Amino acid sequence: MIRKRFEAEKVVLGGLLVAACGLLIVAMAVRGEHLIFMMCGTFFAGIGMAATYATSTELLLSSAPENKAASVAGVSETTGTIGETLGIAVLGTMMLFMYRASIPPLEVLPLDAQLSLSESAGAAFKAALNWPQWSELILSTAKEGMITGMLVTTSVAAVLLVICASLIFMEFQKRRLTLLSGCRNE
């Protein structure tokens, strides 16, 4: 429906920017624990990326020769899967790094609890179960680490989407100028 009303260029760029705004909403909401804003931000990020993905796939397939459409579709699916996997790996690693970097040394805890807390939020949760007398400190510290990791990661992802939108916009402009100059030369 969106694609019928707007040019592909506007849908791709708009989708990236809507997704970036959604991620920024999540980043702002994570500190205050506003679940409704987190849900809305995630919704907008998903809608923006879905519009971008569907439209870019349509552009790719429609530009391919008919006898190569199946190959192009396969390449499109493969590169999409590789991109998703790399995105999860890189952003997930960044989130874990930020979590670990934000965990302060807590000498008051037993050494095993300190190691579990600095390993991951899941390990911190298990440590809280194993050391109930320290569970509040362990869980609150892990929560702060997760908030920091999520805040940084969603903000970086939003900035990357804006950079991608800018690069795509410049490419569309360059192609438009090339087409215009070709029309003037004829």
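FYI, it's all coordinate maths here, none of it is from the lab. These numbers were taken from a predicted model, which means no experiment stands behind them. Heads up, the Cβs are rebuilt from the backbone with ideal geometry, glycines too, and the neighbour counts pull from every protein chain shown.
If you take all other residues with their beta carbon under 12 Å from the beta carbon of A121, and give Lys and Arg +1 and Asp and Glu -1, the sum is +1. Sorting the segments 44-55, 122-133, 63-74 by their residues' average number of neighbouring beta-carbon atoms within 10 angstrom, most packed first, yields 44-55, 122-133, 63-74. The label point for A50 and the one for R31, both projected 7 Å from the Cα toward the Cβ, are 3.1 nm apart.
Tell me, what is the percent relative contact order of the chain, built from C-alpha pairs under 8 Å that lie six or more residues apart?
Taking the mean separation of contacting Cα pairs over the length of the chain, I get 27 percent.
Grab the other residues whose beta carbon is less than 12 angstrom from that of V30, score K and R as +1, D and E as -1, and report the net. Each step should come with its number before you reach the end.
Values: positive: R31, K143; negative: E33, E144.
It works out to a net charge of 0.
The ranking of E77, E9 by Cβ neighbour count inside 10 Å, starting from the fewest, reads E77, E9. Taking a span of 18 Å or more along the helix axis (Cα atoms) and a mean Kyte-Doolittle hydropathy of at least 0.5 as the rule, the DSSP H helices of the chain that qualify are 8-32, 35-63, 69-102, 135-185. Between F97 and E58, the contour length at 0.36 nm per residue exceeds the alpha carbon distance by 10.4 nm. Potential lengthening of the chain between K174 and T42 amounts to 44.3 nm, from the contour at 0.36 nm per residue minus the alpha-carbon distance.
Remark on the chain: Rg and Dmax equal 22.3, 81 Å (Cα only). The modelled label-to-label distance between I82 and L129, using points 7 Å beyond Cα along the C-beta direction, is 4.0 nm.
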